[in-house]
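Each remark here refers to the structure printed beneath this line.
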Amino acid sequence: DRGVEVEATALVGLPVPPADAPLHTPVVAFLAGTSGFSEGCAGSLSDANALAAIVYATQGYVAVLPDYLGKAGFGGDDGLAHPYIVSEAAAIATWDGVRAVNDLLKSREAVTHDQRVILWGGSQGGHAVYAADRFATHYAPEFELVASIATVAPSDLVGQAVVAMQGLGASSTGLLASFITLSQWHGLWDRITEVVQSNVATWLSEQMTSVCFPALSDVGVETLEDAFQPAFLESVQAGSWEGYETWRCLFAENSARHQTLPRGHDTPLLTVLATDDTLIDATVERTSHAAMCDAGYALSELECEQANHVQGTAWSVREQFAWIRARLANEPLEDACSPTT
């Protein structure tokens, strides 16, 4: 937590190797989607996430699902607020989770880590993939990152914010939560009322430490104007962010498209979009992916037609596994920066 050691947890799925045949295999870091903001909704407590870890283990990989900071799945309350959509926090939790698996495997001779790592995540987990991918060479240079997969994920929080601020809904609610956590992590909490209504900011900050999904109606939020300051709302809706450049910077520095931290590698990246996604705007992401290609990403873009936010990930599982196998086999990346459906 910004240089201070804190407790974090993770769920691990281990493959069972054939008798008398030790398994030397990659680790898949499986990064969970949004499951709430407090301890009781940690990713490791989800049966669906446990099943995902099992599925990866059946393919012969070691799977680790690191809980995000502030969401310890067991061992008691760590006392932290979950830094939702904060790239640095997500990247640190991810790579420390991989290190923890390495420590675990030292006592298990049948399964060892070959130091190759695959990053995989959807929605918030996809954002965490972008973060861990960017921080890889800076924070975890001892590992070989061979592939990253981000499904239905925001690579451009600035662009997504403009779309989300057109009306109150699930995406604008997530945006509101990210204002709370980004401001707290980056030391701007004393300025939060520049963008968020004071009563909403105080109430939501408290709720996010104990409730998975706070109901904004409980604090009287029925419109965007009830939650955000009018001048700020007008500025973002226009896409200018004039007068609120510091807040735009927060979103930019936590976005794969805009982040100024050097990437330091050319690991292939697979992105998956869904045409009927109402949480992550596909048009914003297509534009962002094109800019990332121009910046040097070896990016494969897959789009699922008539799929919603959840279906985009689920419908493309077969293609995702095939893409992983191809990367592990060092096959040429033939579809880089050429969108497919």
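Couple of notes before you dig in:
- The GluC sites (Glu not before Pro) of the range 1-47 that meet both conditions, a loop assignment by DSSP and at most 10 other Cβ atoms within 10 Å of the site Cβ, are Glu5.
- Magnitude of the charge dipole for the range 74-167, about its Cα centre and with charges confined to Cβ atoms of Lys, Arg (+1) and Asp, Glu (-1), is about 140 debye.
- Other-chain or far-sequence residues with amide H under 5 Å of Leu270's (modelled H): Ser148, Ile149, Ala150, Ser300
- Sites Thr202 and Ala326 - FRET efficiency at Förster radius 51 Å, r taken between beta-carbons, to 0.05: 0.55
- Positive-end ranking of Leu51, Val6, Ala89 along the dipole of the range 6-163, with charges on Cβ about the Cα centre, is headed by Leu51.
- Electrostatic dipole magnitude of the range 11-137 [Cβ: Lys, Arg +1; Asp, Glu -1; Cα centre; debye, to 20]: 220
- Computed over the range 185-341, the ratio Rg/Rh where both radii use C-alpha atoms and Rh is Kirkwood: 1.04
- Lacking any other cysteine beta-carbon closer than 4.7 Å, the following Cys residues of the chain have no compatible partner: Cys249, Cys304.
- In order along the range 25-34, phi translates into HN-Hα couplings of 9, x, 9, 9, 8, 9, 9, 6, x, 4 Hz, rounded to whole numbers, per the Karplus curve 6.51 cos²θ - 1.76 cosθ + 1.60 with θ = phi - 60° and x for Gly and Pro.
- Separation of alpha-carbon centers, the range 1-32 and the range 269-309, rounded to whole Å: 28
- Accessible area of the range 280-341 belonging to carbon and sulfur atoms, whole % at 1.4 Å probe: 51
- Apportionment of accessible area to carbon and sulfur, the range 39-151, percent (1.4 Å): 54
- When the range 232-324 is described by a simple charge dipole with +1 on each Lys and Arg Cβ and -1 on each Asp and Glu Cβ, the residue from Gln320, Leu233, Thr275 located farthest towards its positive end is Gln320.
- Anisotropy class of the range 226-290 from Cα gyration tensor, a/c 1.5 cut: oblate
- What the Cα convex hull of the chain gives, in volume per residue, is 129 Å³.
- With Cα atoms as the point set, the range 91-199 shows a radius of gyration and Dmax of 17.9, 56 Å.
- Per residue accessible area of the range 88-201, 1.4 Å probe, in Å²: 32
- Size of electric dipole in the chain: Cβ of Lys, Arg +1 and of Asp, Glu -1, about Cα centre, debye, nearest 20: 620
- Extreme residue, positive dipole direction of the chain, given options Ser107, Gly169, Trp203 (C-beta unit charges): Ser107
- Length-normalised contact order for the chain - Cα pairs under 8 Å, 6+ apart - percent: 17
- Sequence of Glu109, Glu206 when ordered by accessible area, the most exposed leading, probe 1.4 angstrom: Glu109, Glu206
- According to the Cα-based calculation, Rg over Rh for the range 188-281 is 1.03, with Rh computed by the Kirkwood formula.
- Here's how it looks for Gly13: its modeled amide H is under 5 Å from those of Ala63, Val64, Leu65, which are all 5 or more places away or on a different chain.
- Summed over the residues of the range 285-341 and divided among them, the accessible surface reaches 55 Å² per residue at a probe radius of 1.4 Å.
- Across the range 87-96, computed HN-Hα scalar couplings (Karplus, 6.51 cos²θ - 1.76 cosθ + 1.60, θ = phi - 60°) run 4, 4, 5, 5, 5, 5, 4, 5, 6, 5 Hz from first to last residue, x flagging Gly and Pro.
- Seen from all directions on average, the range 40-134 presents a Cα convex hull projection of 6.5 nm².
- Electrostatic bookkeeping for Gln306 treats Lys and Arg as +1 and Asp and Glu as -1; over the other residues with beta carbon under 15 Å from its beta carbon, the sum is -4.
- Rolling a 1.4 Å probe over the protein heavy atoms leaves Leu80 with an accessible area of roughly 40 Å².
- Proximity of backbone amide H atoms, modeled 1.01 Å from N, is registered between Val111 and Leu23 at under 5 Å, excluding neighbours fewer than 5 places apart on the same chain.
The values are calculated or read from the model by the stated rules, or taken from the named source; none is laboratory data. The model shown is predicted, which means the values in this text are computed figures rather than measured ones. Ideal geometry is used to build each Cβ from the backbone, glycine not excepted, and the neighbour counts take in all protein chains shown. Just so you know, the surface numbers come from the protein's heavy atoms only, side chains and all, with ligands and any DNA or RNA stripped out. Shrake-Rupley method; radii C 1.70, N 1.55, O 1.52, S 1.80 Å.
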